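The values are calculated or read from the model by the stated rules, or taken from the named source; none is laboratory data. Model, not experiment: these values are computed from the prediction. Using ideal geometry, Cβ is built from the backbone for each residue, glycine included, and neighbour counts are taken over all protein chains shown.
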Amino acid sequence: MRAMILRKPRPAEERPLELVDLPLPEPRRGEVRLRVRACGVCRTDLHTVEGDLDLPKLPLVPGHQIVGVVEAAGEGTTRFRPGQRVGVPWLYKSCGQCEFCGRGLENLCADAQFTGLHADGGYAETMVAPEDFAYPIPDGFSDVAAAPLLCAGIIGYRALKLSRIKPGQRLGMYGFGGSAHVTIQVARHWGCEVYAFTRSEGHQELARELGAAWVGRAEDTPPATTHGAIIFAPAGELVLDALRVLERGGTVALAGVTMTPIPEIDYDRLLYWERSIRSVANFTRQDAQELLQVAAEIPIQASVQTFPLEEANEALLALKRSEIDGTGVLVV
């Protein structure tokens, strides 16, 4: 099978992924093999190929917003049948035995594994995944339209919940890329008023099209304070910008898998009045199921730019340069 593999982390400008032919993977007990149709290009993939994350295995096939069709199943599989369309996201599997898994917080499992990090992902013609961590794709979405839901959508949905935003309140979004352009549609579905903070003129226009009540840059002051905020961009200094316009008792949720250092915070001016900062670590299977359900109810309209598999390097570079309005998707 054809696959784009990473042998050594390098800057995206150096085109670190190599197109190779790999043996067809065989599913083990409880696993299914998918014929990949589409795979979203996520900022976490960029962090992976550039070495911002510790890599537990090399060489590695990135990609964790995978839509495919089941073509083979290992022993003991019962959930999916051949020909069924399913999605595989970032959480590849968890131990199921620890304190966190027992409390429904498998996203915090110390032994969790992640797609495109611990296990080869979707920048390939096929991949294998545990059937318990794959999800049926709602019928109303094409393969390409469904791909952004599987990380951008799920992570954004969990960030919304952890921001403690309520229907009718004002939500700030910092950065308006692949995740934010999906998340705003859920927030608007909940009746929230959204303020979008982003530098890119293309991203600003997309935010307006998707119903943002106000659009500006992080240093600008919106027409009112926000009751909650989500920071999607991996820039620690944005925490100060978000706190500056956050209402008393509000929460700033940090949705990135990594972030530059957060500057010193003036406690009296920015953090007092029970304002809080909360990280968002991965997601649970319940988050994934809830997001896919609400996505079908809305229905979410994903803005995508497609690339063939062999142009994965170009897609990552375009993402790094903020040249994609919405989400890049590899068509396999």
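Annotations
- So ILE298, is it over 18 Å from the mean Cα position of the chain (by Cα), among the aliphatic types (A, V, I, L, M), more than 22 Å from GLY122 (Cα to Cα) and assigned by TED's automatic domain parsing to the domain that holds ARG103: yes
- Check on ARG217, surrounded by 14 or more Cβ atoms within 10 Å (Cβ to Cβ), farther than 30 Å from ASP54 by Cα and of a type in the set (Lys, Arg): no
- Going through (1) more than 14 Å from VAL257 (Cα to Cα); (2) modelled with pLDDT of 95 or more; (3) surrounded by 15 or more Cβ atoms within 10 Å (Cβ to Cβ) one by one, LEU91 falls short only on (1).
- Cβ pairs under 6 Å, 6+ apart, first in the range 101-124 and of a type in the set (S, T, N, Q), second part of a loop (DSSP other than H, G, I, E, B): ASN107/ALA281; ASN107/ASN282; ASN107/PHE283; ASN107/THR284; THR115/HIS64; THR115/TRP90; THR115/GLY121
- Members of the range 1-15 found to be over 21 Å from the mean Cα position of the chain (by Cα) and not in a loop (DSSP other than H, G, I, E, B), listed by number: ARG2, ALA3, GLU13, GLU14
- Exactly one residue among ALA235, ALA207, ALA196, ALA187 is within 26 Å of HIS47 (Cα to Cα), in a helix (DSSP H, G or I) and of a type outside the set (Phe, Trp, Tyr), and that residue is ALA207.
- Checking ARG164, ARG158 one by one, the residue that is out of contact with any Phe, Trp or Tyr (no Cβ under 9 Å at 6 or more places or on another chain), at pLDDT 95 or above and not aromatic (Phe, Trp, Tyr) is ARG164 and no other.
- Screening PRO138 with (1) part of a loop (DSSP other than H, G, I, E, B); (2) surrounded by 21 or more Cβ atoms within 10 Å (Cβ to Cβ) gives one miss only, at (2).
- Pairs, first closer than 13 Å to PHE141 by Cα and in contact (Cβ under 8 Å) with a residue 24 or more places away in the chain in the range 294-310, second part of a loop (DSSP other than H, G, I, E, B) and of a type in the set (Asp, Glu), C-beta under 8 Å, six or more apart: SER303/ASP325
- Looking across the range 307-328 at every residue that is surrounded by fewer than 17 Cβ atoms within 10 Å (Cβ to Cβ) and under 17 Å from the mean Cα position of the chain (by Cα), the one that is modelled with the highest pLDDT is identified as LYS320.
Residue by residue, here is whether (1) of a type in the set (Gly, Ala, Ser); (2) out of contact with any His (no Cβ under 9 Å at 6 or more places or on another chain); (3) surrounded by 15 or more Cβ atoms within 10 Å (Cβ to Cβ); (4) within 22 Å of ALA302 (Cβ to Cβ) holds:
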| residue | (1), (2), (3), (4) |
| --- | --- |
| PRO11 | no, yes, no, no |
| ARG28 | no, yes, no, no |
| VAL49 | no, yes, yes, no |
| GLY63 | yes, yes, yes, yes |
| VAL67 | no, yes, yes, yes |
| GLY76 | yes, yes, no, no |
| PHE80 | no, yes, yes, no |
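Residue-wise test of (1) of a type outside the set (A, V, I, L, M, F, W, C); (2) out of contact with any helix residue (DSSP H, G or I) (no Cβ under 8 Å at 6 or more places or on another chain); (3) not assigned by TED's automatic domain parsing to the domain that holds THR258.
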position	(1), (2), (3)
PRO16	yes, no, yes
GLY40	yes, no, yes
VAL49	no, no, yes
ASP54	yes, yes, yes
LEU58	no, yes, yes
GLN65	yes, no, yes
GLY76	yes, yes, yes
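- The one condition in (1) more than 19 Å from the chain's Cα centre (by Cα); (2) modelled with pLDDT under 95 that GLY228 fails to fulfil: (2)
- Applying the set (1) touching a residue at least 60 places away in the same chain (Cβ under 8 Å); (2) in a helix (DSSP H, G or I); (3) surrounded by 15 or more Cβ atoms within 10 Å (Cβ to Cβ) to GLY202 leaves exactly one unmet item: (3).
- Restricting attention to the range 141-176 and to residues that are touching a helix residue (DSSP H, G or I) at 6+ places or on another chain (Cβ under 9 Å) and surrounded by fewer than 23 Cβ atoms within 10 Å (Cβ to Cβ), the residue that is nearest to VAL70 (Cα to Cα) turns out to be PHE141.
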